[in-house]
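Asks: Can you keep this structure in mind? I'll have questions shortly.
The values are calculated or read from the model by the stated rules, or taken from the named source; none is laboratory data. Everything numeric here is computed off the predicted structure, so don't read it as measured data. Cβ placement follows ideal geometry from the backbone for every residue including glycine, while neighbour counts extend to all protein chains displayed. Please note that ligands, DNA and RNA were not included when accessible areas were found on the heavy atoms of the full protein model with its side chains. Shrake-Rupley method; radii C 1.70, N 1.55, O 1.52, S 1.80 Å.
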Amino acid sequence: MRAHWRTRTGFIIAAAGSAVGLGNIWRFPYMAGENGGAAFILIYLALIFTLGFSVLMAEQAMGRASQHSPVRAFRSLKGGFWPVFGMIGVLTAFVILPFYSVVGGWTLGYIWKSIEGVAREKGAFGAFISDGGLTILFHAIFMAMTIWIVHSGVRNGIEKWTRVLLTLLLVLLILLAIRVLLLPGAEKGIEFFFSPDFSKVTEDTIHAALSQAFFSLSLGMGVMITYGSYMSREKPLAGDAAWVVGLDSMVAILAGLVILPAVFAFGLDPKAGPSLTFITLPEVFAQMPGGKIFGVLFFLMLTVAALTSSISLLEVVTAHLEDEYQLSRVPTSIGAGLLMFLLGIPCALSFGAMADVTLFGMTFFDLMDYLSGKILLPLGAMGITFFVGWVAWSRVVQELNGEQGGIPGWASLWRLMCAVIAPLLILWIMFEGIAG
Ligand code: TRP
């Protein structure tokens, strides 16, 4: 029999763990910093609570209705060529997890560097990520932890560990937020965060907010189909989905409230981009009383956030191979994890030994990032929403209320989202992404 979550909150915990990740803590604050602060955040929230929520429910409903991992979910709901979109999801995991684990390794490395007190030295980040031996070592440790949790199963691995890790993450985040908000000068960051300047909003802002919304909620590759397939049918779906969206955006906002006010308080540049976390923040911690311990806690939190996401990526592949070929979990998760570890090696070397090896003008790391974010995830998300809106609608709509029966009044609004609005917006993300 198929494994099910042990507790009623099992799906919420695991799905929120998947959603809350590097996307919330590393990417969201610098995106907000680069795209004008509050206006970006408002647009982001509007998108995540309408579109993100609808697509999340579409995946969750497919999983619960079919009780299968993505490929078989498509096959059992319709068949034909549709399972291809499930395959795209499995493939996408193989593209995302290798470089995600490399960045996870960087966060681990930064716990250690913060303990040593060398994280803030000039050029430290560049020197660290170009050190192949070291980054591969941390990538290996990070991947080993991911494999460990997934190999222990849905209940004793994913559900149990995510509950512990997500709680730890929230405690650390609140602690850090309190510390930062007490810094003199933090008001400027809060103001930047809460006073929207809509004159700065361009097509690019909306585009950035939209792709961030999808990435942050882990949509488009069947994570939520897989996690939904471990749900039983007793509860209506919308409540769980709302919790996941709520927790995910709360963590993003709190992370922004830790990072941006800290950056402002010390007069640093909020538009530093991806290096905001690894270069600007260590400088902030170095200047702040008690900064060493808070620096260590910050990177610990980042590692925890990354880990609960990486397990969802490995779980999609593991569940697929288990279901499709009747393989057992332990060797499957170890085998798939090892393969992704190997694929991660050229990603880890992309900032050092293999920096000059490029394909289509991109390093291996950038290529994996581009391929997943700009092509595979949008393609998967479009397949899923179109499928739910047009092809499997009559079956999937039954899932909304589950065993309670009946169809809620807002179902037609949800259908409009899945059938028309989401596919069109995703098409737009894709074309813009590839052209731009
Ligand atoms: N949502 C995670 C983050 O914010 C990343 C992630 C995990 C993801 N699994 C995914 C993104 C599946 C897209 C698809 O960091």
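Asks: At 0.36 nm per residue, minus the direct Cα-Cα distance, what do residue 171 and residue 127 gain on full extension? Give it in nm, one decimal, please.
Replies: 12.7 nm
Asks: While we're on this one: Just in the stretch 151-193: which GluC sites (Glu not before Pro) are loop by DSSP and have at most 14 other Cβ atoms within 10 Å?
Replies: none
Asks: What percentages make up the Cα-Cα pair-distance distribution of the stretch 268-359 when the bins are 5 Å wide from 0?
Replies: 3, 11, 12, 13, 15, 15, 12, 9, 6, 3, 1, 0
Asks: While we're looking at this one, here's another question. How high is the relative contact order of the stretch 49-120, in percent, with contacts defined as C-alpha pairs under 8 Å that are six or more residues apart?
Replies: 15 percent
Asks: Suppose R0 equals 45 Å; then what is the FRET efficiency for residue 287 and residue 427 from their Cβ-Cβ distance, rounded to the nearest 0.05?
Replies: The calculated FRET efficiency here is 0.45.
Asks: Same structure, new question: In whole Å, how far is the Cα centre of the stretch 109-142 from that of the stretch 43-108?
Replies: 31 Å
Asks: Give me Rg/Rg_expected for the stretch 188-283, where Rg uses Cα atoms only and Rg_expected = 2.2 N^0.38 Å with N residues.
Replies: Compactness ratio reported: 1.39.
Asks: Quick check: residue separation of residue 204 and residue 356 times 0.36 nm, minus the Cα distance between them. What number comes out in nm?
Replies: Gain on extension, residue 204 to residue 356, equals 51.8 nm.
Asks: As I understand it, the value is the acute angle between the Cα axis of helix 160-181 and the longest principal axis of the Cα atoms of the chain; what does it come to in degrees, rounded to 10?
Replies: On a 0 to 90 degree scale, this one is about 40.
Asks: Right, another one. Which FRET efficiency value, to the nearest 0.05, is calculated for residue 342 and residue 84 with the Förster distance at 30 angstrom and r the Cβ-Cβ distance?
Replies: Rounded to the nearest 0.05, the efficiency is 0.70.
Asks: I've got another one for you. Please give the solvent-accessible surface of residue 152 in Å², to the nearest 10, using a probe radius of 1.4 Å with every protein chain present.
Replies: Looks like 40 Å² after rounding.
Asks: Relative to the longest principal Cα axis of the chain, at what angle does helix 83-116 sit, 0 to 90 degrees, rounded to 10?
Replies: Roughly 20 degrees between the two axes.
Asks: Still on this model: What whole number of Å gives the distance from the Cα centroid of the stretch 359-392 to the Cα centroid of the stretch 253-269?
Replies: Measuring centre to centre over Cα atoms gives 32 Å.
Asks: In the stretch 309-411, what percent of the accessible surface is made up of carbon and sulfur (1.4 Å probe, ligands and nucleic acids excluded)?
Replies: 67 percent
Asks: Which of the aspartates and glutamates could be linked to residue 271 by a straight reach, that is with a Cα gap under 14 Å, when you skip same-chain ones fewer than 8 residues away?
Replies: Here the aspartates and glutamates satisfying the reach criterion relative to residue 271 are 34.
Asks: Rounded to a whole number, what % of the accessible area of the stretch 116-211 do carbon and sulfur atoms account for, probe 1.4 Å?
Replies: 67 percent
Asks: In Å, the Kirkwood hydrodynamic radius of the stretch 270-421 over pairs of distinct alpha carbons?
Replies: Radius from the Kirkwood sum: 20.1 Å.
Asks: From a point 7 Å beyond the Cα of residue 326 in the direction of its Cβ, which residues of the stretch 67-111 have a backbone N at a distance under 20 Å?
Replies: Only 67-73, 75-76 fall inside the zone, counting backbone N under 20 Å.
Asks: What are the radius of gyration and Dmax of the stretch 1-124, computed over its Cα atoms and given in Å?
Replies: Cα radius of gyration and Dmax of the stretch 1-124 are 19.1, 57 Å respectively.
Asks: Using a cut-off of 13 Å between alpha-carbon atoms, which aspartates and glutamates can reach residue 188, once sequence neighbours fewer than 8 places away in the same chain are excluded?
Replies: Cross-link targets: 269.
Asks: Moving to a separate point now. Which whole-number percent is the relative contact order of the chain (Cα, under 8 Å, 6+ apart)?
Replies: 34 percent
Asks: Now for a separate question. Can you give the extra length, in nm with one decimal, that the chain gains between residue 91 and residue 190 once fully stretched, where that is 0.36 nm per residue apart less the Cα-Cα distance?
Replies: Answer, rounded to one decimal: 31.6 nm.
Asks: From the Cα gyration tensor of the stretch 326-394, with a ≥ b ≥ c the square roots of its eigenvalues, which class applies: rounded if a/c is under 1.5, or else prolate if a/b is larger than b/c, or else oblate?
Replies: Oblate.
Asks: Shifting gears a bit: Given just the C-alpha atoms of the chain, how large is their convex hull per residue in cubic angstrom?
Replies: 132 Å³
Asks: Would you work out if the stretch 81-222 is rounded, prolate or oblate? Take a ≥ b ≥ c from the square roots of the eigenvalues of the alpha-carbon gyration tensor; rounded if a/c is under 1.5, else prolate when a/b is larger than b/c, oblate otherwise.
Replies: Oblate.
Asks: Right, next: Relative contact order of the stretch 193-314, please, whole-number percent, based on alpha carbon pairs below 8 angstrom and at least 6 residues apart.
Replies: Dividing the mean separation by the residue count of the stretch 193-314 yields 19 percent.
Asks: Separate question: Which is the longest part of the chain that has none of the trypsin sites (Lys or Arg not before Pro) sitting in a DSSP loop with at most 13 other Cβ atoms within 10 Å?
Replies: Counting only loop sites that pass the neighbour cut-off, the longest clear stretch is 272-436.
Asks: Please work out the average accessible area per residue across the stretch 1-160, using the 1.4 Å probe convention, and give it in Å².
Replies: 33 Å²
Asks: Relative to the longest principal Cα axis of the chain, at what angle does helix 329-348 sit, 0 to 90 degrees, rounded to 10?
Replies: 40 degrees
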